[in-house]
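The next block holds one structure in the form of structure tokens; read it before the comments.
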């Protein structure tokens with residue numbers, strides 16, 4: 001996918017999420033191989049299930065180069081720049097992980113990835129395996145990024161059943177990508193199959209042009225680290 005159309009941008013602004021294109025199958029296989037390699041070698045940092053099984057590898061951009069290369073490839077950056085503009089940072093301390101959803105009746109509570117609309121980020125979920133209602137696809141409450149910001153924990157218990165009932169599933173094919181406004185309410189479903197559901201998640205900001213402090217937890221993936229503050233002589 002190259003530049004987004006007007007209609008795609010409007011859909012994203014209105015609903016809070018947008019399907020993007022497909023990654024090439026060769027790239028998907030390289031990503032899966034890198035994920036499995038670090039899971040099998042138990043390369044920290046990782047997150048484990050209650051049973052002790054590794055279900056997430058963290059800080060993937062500092063692992064195999066394929067992760068950062070994918071997160072910054074033109075197939076990702078071109079549509080993303082239609083939303084964020086030409087100067088884009090990848091965020092290392094929010095998302096930046098690969099997840100392996102295994103067979104379980106558990107499902108996530110509805111949540112947001114950030115609390116306040118003025119500090120939102122934009123997230124891309126890369127589905128490395130097909131995701132269905134049966135194996136735990138992502139559910140969204142369309143338009144919920146327009147709700148007010150909140151304090152404290154953002155979980156399903158904070159919302160009425162009426163809102164929770166508006167969640168809709170978004171099945172994706174293997175290699176598919178979805179862009180989300182991280183203020184939109186969403187959750188992963190339960191995997192009721194015997195197979196895995198693997199995905200990678202990355203977060204992005206536009207470059208903060210009024211900050212002259214370079215954050216080591218931000219990686220410039222497109223454009224320039226511009227500074228436009230008016231506190232310095234020209």
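The single condition among (1) closer than 18 Å to residue 95 by Cα; (2) not in a loop (DSSP other than H, G, I, E, B) that residue 21 does not meet is (1). For the stretch 51-64, name all the residues that are touching a helix residue (DSSP H, G or I) at 6+ places or on another chain (Cβ under 9 Å) and free of Cβ contacts under 8 Å to residues at least 40 places away in the same chain. Of everything in the stretch 51-64, those that are touching a helix residue (DSSP H, G or I) at 6+ places or on another chain (Cβ under 9 Å) and free of Cβ contacts under 8 Å to residues at least 40 places away in the same chain turn out to be 62, 63, 64.
Would you confirm, using the coordinates I've provided, whether residue 22 is modelled with pLDDT under 95 and within 24 Å of residue 169 (Cα to Cα)? Answer is yes for this residue.
Of all the criteria given as (1) at pLDDT 95 or above; (2) closer than 27 Å to residue 108 by Cβ, the one not satisfied by residue 88 is (2).
Can residue 149 be described as part of a loop (DSSP other than H, G, I, E, B), in contact with a helix residue (DSSP H, G or I) (Cβ under 8 Å, 6 or more places away or on another chain), modelled with pLDDT under 90 and farther than 22 Å from residue 72 by Cα? Considered against the rule, which asks whether it is part of a loop (DSSP other than H, G, I, E, B), in contact with a helix residue (DSSP H, G or I) (Cβ under 8 Å, 6 or more places away or on another chain), modelled with pLDDT under 90 and farther than 22 Å from residue 72 by Cα, residue 149 comes out as yes. Being out of contact with any strand residue (DSSP E or B) (no Cβ under 9 Å at 6 or more places or on another chain) and either in contact (Cβ under 8 Å) with a residue 24 or more places away in the chain or on the phi > 0 side of the Ramachandran plot (or both) is a property that does not hold for residue 198. Restricting the stretch 37-74 to residues that are loosely packed, with under 11 Cβ neighbours inside 10 Å and on the phi > 0 side of the Ramachandran plot, which is modelled with the lowest pLDDT? It comes out as 52.
The values are calculated or read from the model by the stated rules, or taken from the named source; none is laboratory data. Quick caveat, the model's predicted, so the values are computed rather than measured. Note: ideal-geometry Cβ built from the backbone for every residue, glycine included; neighbour counts use all protein chains shown.
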